[in-house]
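For reference, the structure is listed below as structure tokens.
Quick note: the coordinates plus some simple rules give every number you see, no bench work behind them. Small disclaimer: the values here were computed from a predicted structure and weren't measured. All Cβ positions, glycine included, derive from the backbone under ideal geometry; neighbour counts span all protein chains shown.
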Amino acid sequence: MTVDAPPRPSITELSPEELSAWLRDREEPGYRTRQIRRWLARGSAFEAMADLPAELRAGLAAAFRSSSLQEVRRSQADDELTTKVLYQLDGGYTVEAVVMRYPSRSTLCISSQVGCPIGCPFCATGQGPFGRNLKANEIVDQAADAARGLEAEGRRLSHVVFMGMGEPLANYAAVVDAVRRIADPDGLGISPRRITVSTAGLVPRIGRLAEEDLPVTLAISLHAARDELRDVLVPINSRYPLRELLAAADDFARSSGRRVSYEWVLLAGVNDTERDARELSALLRGRLAHVNLIPFNPVPDTPFREPDRQSIRLFAGQLRARGLNVTVRDTRGRESEAACGQLRARALAEGVVSR
Ligand code: SAH
Ligand code: SF4
């Protein structure tokens, strides 16, 4: 990614119409818009846009930055299978994105907000103050940069999950716009089915998403199957309790024809007991559902602990015995400030970035 001077706008902020108008003013042929958009979707710098005349590349570079993001830190983990990048946005705010490489896929975990207004007590992102919503192009540019890096390794970005910083449905319009652009065949062309939107449970927005005709995978961060506990772990629950949340998820499953994924961060002694397994099974019984257990990734200054391996296995077994479809998420990225929000937290603590 090129690092340019701040006053120039990022070209990714322009709509296709605005880009066309800019090119028309320079008497460029109409097909240039599509050429340039294809390069931008793959995170290319202007100088790398091989099928553009040199003069146009120079003109673009003089007028714009090629991305809204500037990389400030990068860390590797899992024998280089996981890469975490901290980006600076306009205004000095920072967000993280994580690339995870698997044998048959490459997944990007993407951020939609600086900080998060929901404030779950176990989450690094939820601890700090809320910064701001990301613009659609700031979300898409994370995918473009990841795609560029993977392409250089001979890989292809195949999946995108909105499981980085922020609550995607609290930044609804920008997130839906970003999903459409990431799915656009003239952009990265990643099928919406391979894009997962994870939510703490903004019920009215789940309803709206169901009406978008955008068959993304919906992940619900459940973490508790009784309101009393969920009110504490996912504070938005006091506004949209479990009964309403499950009804919204069912509607989404019906209208999209897609199975909903339920996330459950395992907190030792808090939500990994037999009682929890019983309650969760009762709640999801008869539903087209998939449960994803996420061992808690320790966050400093929280009272929570990760269960040991045996407890994790036991809990998963109790759910399976009751007929649920369960996977245990691997603990990718552990060595390098692990779950999203933690690389940024450390950079903030060390004074490398200020917000
Ligand atoms: N705000 C959205 C999406 C981002 S969080 C949401 O909450 O769904 C993505 C997932 O990571 C959520 O399921 C969240 O509960 C989980 N998570 C947050 N902090 C975690 C931690 N320290 N360890 C493990 N999972 C965590
Ligand atoms: Fe926000 Fe999700 Fe973290 Fe909760 S878990 S504070 S909703 S980012």
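Odds and ends about this structure:
- Surrounding net charge for Arg322, when Lys and Arg each add one and Asp and Glu each subtract one, Cβ distance under 10 Å: +3
- Charged neighbours of Glu18, selected by a Cβ distance under 12 Å, balance to -1 (K, R count +1; D, E count -1).
- Around the Cα centre of the chain, unit charges on the Cβ atoms of Lys, Arg, Asp and Glu (plus for the first two, minus for the last two) sum to a dipole of about 860 debye.
- Computed [θ] at 222 nm, helices only, for the chain once each DSSP H run of length n ≥ 4 contributes -39500 (n - 2.57): -10500 deg cm²/dmol
- Phi to ³J(HN,Hα) by Karplus 6.51 cos²θ - 1.76 cosθ + 1.60 over the range 233-244, Hz, x for Gly, Pro: 6, 10, x, 5, 4, 5, 8, 10, x, 3, 4, 5
- Among Gly92, Leu324, Ser104 - extreme Cα towards positive end, dipole of the chain, charges at beta-carbon: Leu324
- The range 57-205 shape via C-alpha gyration tensor axes, a/c threshold 1.5: rounded
- Rounded to the nearest 20, the Cβ-based charge dipole of the range 1-70 about its Cα centre (Lys and Arg +1, Asp and Glu -1) stands at 200 debye.
- Global form of the range 1-136, assessed from the alpha-carbon gyration tensor, a/c cut-off 1.5: prolate
- All other residues whose Cβ lies under 10 angstrom from that of Ala183 are scored, Lys and Arg at +1 and Asp and Glu at -1, for a net of +3.
- Global form of the range 11-63, assessed from the alpha-carbon gyration tensor, a/c cut-off 1.5: rounded
- The range 78-350, relative contact order in percent, only Cα pairs under 8 angstrom and at least six apart counted: 17 percent
- One Cα centroid belongs to the range 3-63, the other to the range 218-253; the line between them spans 44 Å.
- Positive dipole terminus of the range 11-63, leading residue within Ser15, Ala48, Ala58 (C-beta point charges): Ala48
- Directionally averaged projected area (convex hull, Cα atoms, the chain), nm²: 17.8 nm²
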